[in-house]
Amino acid sequence: MEYQIRNVELADAGRLKIEWVQAHMPVLNILRSEFERDLPFKGIRIAMSIHLEAKTAYLALVLRAGGAELAVTGCNPLSTQDDVAAGLVSAGVPVFAWHDPTPEEYEAHLTAVLLTRPHLVIDDGGDLIHLLHTKLTDVASGVIGGAEETTTGVMRLRALEKENRLLFPMYAVNDARCKFLFDNRYGTGESAWSGILRTTNLLVAGKTVVVVGYGWCGRGIAMRADGLGANVIICEVDPVRAIEAHMDGYRVLNSLDAAAEGDMFVTASGCKDVLREEHFSRMKNGAVLANAGHFNVEINQGDLEVISTRRYQARHNIEGYVLPDGRVLYLLAEGRLVNLAAGDGHPAEIMDLSFALQALAARHILAEVGTLEKRVYNLPPEIDRRVAGLKLASLGITIDELTAEQTRYLQGWE
């Protein structure tokens with residue numbers, strides 16, 4: 001078996017992490033049993049590029065239990081955990097990834113996974129898709145379809161679709177209710193603050209926290225900041241979301257005014273340069289900057305470099321930028337996804353839902369071969385409902401069902 005990881009001797013520690021999350025992912029455990037029985041992926045090659053930590057590793061093992069031939073890599077240079085990569089290799093899954101690769105190494109790992117010539121692609125952020133539509137179009141000809149995990153990746157897919165350049169059908173798993181309502185909101189909300197708190201060891205209560213972007217991720221970050229006792233300010237470009245933030249009880253300011261008030265800033269916009277030189281010039285001494293968006297472009301590090309007299313390592317995963325007047329701004333995790341670059345990512349119970357959707361999306365694509373066009377699809381609602389139902393059952397929760405008469409009433413017009 002070919003693989004490229006940092007240190008295979010870390011496998012024991014990685015296996016413990018994988019076994020821990022497996023015990024807390026009941027929906028995936030049910031699907032694993034089904035897949036072992038039915039082998040829906042027998043003879044199918046799958047390429048995965050998702051944040052390579054324990055929950056992702058368990059998804060890979062579930063797909064392999066269904067007969068899949070897998071090749072796995074990460075989707076962010078700082079989110080790969082070398083012990084988990086080793087644990088997955090020791091379980092017989094080829095992995096091409098290590099923590100903190102150079103840009104050249106990162107692309108080489110993505111390329112190695114795609115050179116296995118996959119039938120299905122499971123992506124997070126769209127890096128595999130980008131390569132398949134640029135440098136590896138010959139490989140794309142063999143791809144049946146795929147699924148995308150996150151908001152940023154879906155944005156890239158829809159841009160390809162708009163230009164009629166998408167080479168195969170893709171499912172926007174991110175847009176399923178069991179994904180964005182829980183993963184984006186509760187998962188990001190909890191894991192972003194877990195990463196910030198474990199990295200800084202600073203108090204949040206009483207501080208002013210500025211959240212840039214009030215999509216589902218921003219909502220979760222703001223909600224958890226509020227719960228920790230922060231004074232929360234929201235910055236938005238969408239007037240509807242701005243009204244929603246206002247009615248949720250938060251102050252809403254434009255980003256330049258907010259820059260002067262914030263003690264901590266968390267970006268979750270999916271856009272670039274939302275914090276830049278004009279914002280940095282107004283910030284308080286000691287302001288903490290963190291990003292919860294997929295790519296490290298939301299906080300303009302080039303501007304930080306230009307306006308700083310020096311940069312230094314203030315603490316592990318914290319860089320201090322000293323401005324000419326002596327103020328220091330602290331950037332966490334190189335501006336990368338703070339919940340993974342400085343933490344373990346979303347809780348296992350949350351990723352149980354998201355990765356169950358990914359597994360069922362992959363099976364659904366195979367069932368629909370020959371009927372799908374080269375466009376972006378939403379997951380069928382029955383998949384969403386099935387995952388939710390399995391999760392409720394695992395929690396011991398029962399809910400009501402419509403009677404036949406109620407169903408007729410809701411479907412009628414009189």
So which pairs qualify, if the first residue must be in segment 81-102 and free of Cβ contacts under 8 Å to residues at least 40 places away in the same chain and in the same structural domain as residue 46 (by TED's automatic domain parsing), the second must be assigned to a helix (DSSP H, G or I) and not charged (D, E, K, R), the Cβ gap must be under 6 Å, and the two must be at least 6 apart or on different chains? 93/60
Condition met for residue 295 (aromatic (Phe, Trp, Tyr) and touching a residue at least 60 places away in the same chain (Cβ under 8 Å)): yes
Please work out which residue is surrounded by the fewest Cβ atoms within 10 Å (Cβ to Cβ), limiting yourself to segment 266-279 and to residues that are under 25 Å from residue 181 (Cβ atoms) and free of Cβ contacts under 8 Å to residues at least 60 places away in the same chain. 271
Cβ-Cβ under 9 Å pairs, at least 6 apart or on other chains, segment 245-258 side farther than 13 Å from residue 214 by Cβ, far side of a type in the set (Lys, Arg) and at pLDDT 95 or above: 256/282; 257/282
I'd like to know if segment 388-407 contains one or more residues that are surrounded by 10 or more Cβ atoms within 10 Å (Cβ to Cβ) and under 30 Å from residue 201 (Cβ atoms). no
Can you name every residue in segment 230-251 that is buried (at least 16 other Cβ atoms within 10 Å of the Cβ) and among the hydrophobic types (A, V, I, L, M, F, W, C)? 230, 232, 233, 234, 235, 242, 245
Among (1) surrounded by fewer than 21 Cβ atoms within 10 Å (Cβ to Cβ); (2) within 22 Å of residue 369 (Cβ to Cβ) - the single one residue 63 does not satisfy: (1)
Hey, among 46, 30, which residue is of a type in the set (A, V, I, L, M), surrounded by fewer than 22 Cβ atoms within 10 Å (Cβ to Cβ) and over 17 Å from the mean Cα position of the chain (by Cα)? 30
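Looking at the structure I just gave you, is residue 112 in contact (Cβ under 8 Å) with a residue 40 or more places away in the chain and under 19 Å from the mean Cα position of the chain (by Cα)?
The answer is no for residue 112.
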List the helices (runs of 4 or more DSSP H) inside segment 123-168, counting only whole elements, that have at least 1 residues being among the small types (Gly, Ala, Ser), in contact with a helix residue (DSSP H, G or I) (Cβ under 9 Å, 6 or more places away or on another chain) and touching a residue at least 12 places away in the same chain (Cβ under 8 Å). 137-140, 151-162
Does at least one position in segment 99-112 carry a residue that is closer than 30 Å to residue 380 by Cα and aromatic (Phe, Trp, Tyr)? no
Can you tell me which residue in segment 1-23 is modelled with the lowest pLDDT, limited to those that are part of a loop (DSSP other than H, G, I, E, B) and either of a type in the set (A, V, I, L, M, F, W, C) or surrounded by 16 or more Cβ atoms within 10 Å (Cβ to Cβ) (or both)? 1
Condition (residue is assigned to a loop (DSSP other than H, G, I, E, B) and modelled with pLDDT of 95 or more) applied to segment 346-360: is it met by at least one residue? yes
Can you tell which of 180, 168 is closer than 25 Å to residue 389 by Cβ and of a type in the set (Phe, Trp, Tyr)? 180
Could you please let me know if residue 379 is part of a loop (DSSP other than H, G, I, E, B), in contact (Cβ under 8 Å) with a residue 12 or more places away in the chain and touching a helix residue (DSSP H, G or I) at 6+ places or on another chain (Cβ under 8 Å)? yes
Filtering segment 68-92 down to residues that are farther than 27 Å from residue 297 by Cβ and not aliphatic (A, V, I, L, M), which residue is surrounded by the most Cβ atoms within 10 Å (Cβ to Cβ)? 87
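The values are calculated or read from the model by the stated rules, or taken from the named source; none is laboratory data. Predicted, not measured: the structure shown is a model, and the values here were computed from it. Every residue, glycine among them, receives a Cβ derived from its backbone with ideal geometry; neighbour counts consider all protein chains shown.
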